[in-house]
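Single-structure report; data block below.
The values are calculated or read from the model by the stated rules, or taken from the named source; none is laboratory data. All of these numbers come straight from a predicted model, not from anything done at the bench. Don't worry about glycine lacking a Cβ; one is built from the backbone with ideal geometry, like all the others, and counts go over all protein chains shown. Calculation scope for accessible area: heavy atoms of the full protein, side chains included, ligands and nucleic acids excluded. Shrake-Rupley method; radii C 1.70, N 1.55, O 1.52, S 1.80 Å.
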Amino acid sequence: MRGMTVRNILIHPDPRLKKTCERVAEITPELRSLASDMLQTMYDAPGVGLAAPQIGELKRLIVMDCEKEPDASASPLVLFNPEIVWSSDESETREEGCLSIPEQYAEVERPAEVSVRWLDVDGSRQEEKFEGLWARCVQHEIDHLNGKLFIDYLTPLKRQMITRKMVKLKRERARG
Ligand code: NI
């Protein structure tokens, strides 16, 4: 197995985070390697989900691990071409954050449960119903594939405030 690499996570605002990503036609070894890098990058951050555009790869690929029990083993999920095929009428408001918008959190309302269809690392079709944090996370990550961030659900004023903070953060980081 090829070594896994922690990749650099893009910080908002970045034009690559606003793009609609392309569907994956075939699960190649390169894409499997990319998925491994993404898992490594997500665990390293640490975070519970990561979408390919967040490391500058404009492909429909997300990874997640929302297992919160401290003693539980890792439950990594790799989803190529994920699609929401059903959403519950019942919605839920929860606080969200994003690795591309560090240390900023806000309440976002989304369907409480969703069914998602995707291709796994072996190219097999999978479908699963998600609830709780998993449902929250999968919707947030699929949004990334459509160039949408959680701050796009906030008021323009709140969004501008957060964006200004991120511009400042990036300037500070660039200065070292
Ligand atoms: Ni995010």
Give me the pairs: first residue in region 29-53 and in contact (Cβ under 8 Å) with a residue 12 or more places away in the chain, second residue open to solvent by 30 Å² or more (accessible area, probe 1.4 Å) and assigned to a helix (DSSP H, G or I), beta-carbon distance under 8 Å, and six or more apart or on different chains, which are they? Val48/Leu133; Pro53/Arg16
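Grab the strands (runs of 3 or more DSSP E) fully contained in region 11-90, keeping just those with 1 or more residues being at pLDDT 95 or above and open to solvent by 20 Å² or more (accessible area, probe 1.4 Å). Full working, then the answer.
Working: elements: 49-51, 61-64, 77-87.
Where strands (runs of 3 or more DSSP E) fall fully within region 11-90 and carry at least 1 residues being at pLDDT 95 or above and open to solvent by 20 Å² or more (accessible area, probe 1.4 Å), they are 77-87.
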Which pairs have Cβ atoms under 7 Å, sit 6 or more apart or on different chains, and link a residue in region 157-174 that is over 10 Å from His12 (Cα atoms) to one that is outside any helix (DSSP H, G or I) and open to solvent by 60 Å² or more (accessible area, probe 1.4 Å)? none
Residue list for region 128-149, filter: within 16 Å of Met42 (Cα to Cα) and either of a type in the set (Lys, Arg) or within 11 Å of the ligand (Cβ to nearest atom) (or both): Cys137, His140, Glu141, Ile142, His144
Index of the failed condition, Val78 passing every other in (1) hydrophobic (A, V, I, L, M, F, W, C); (2) under 12 Å from the mean Cα position of the chain (by Cα); (3) within 16 Å of the ligand (Cβ to nearest atom): (3)
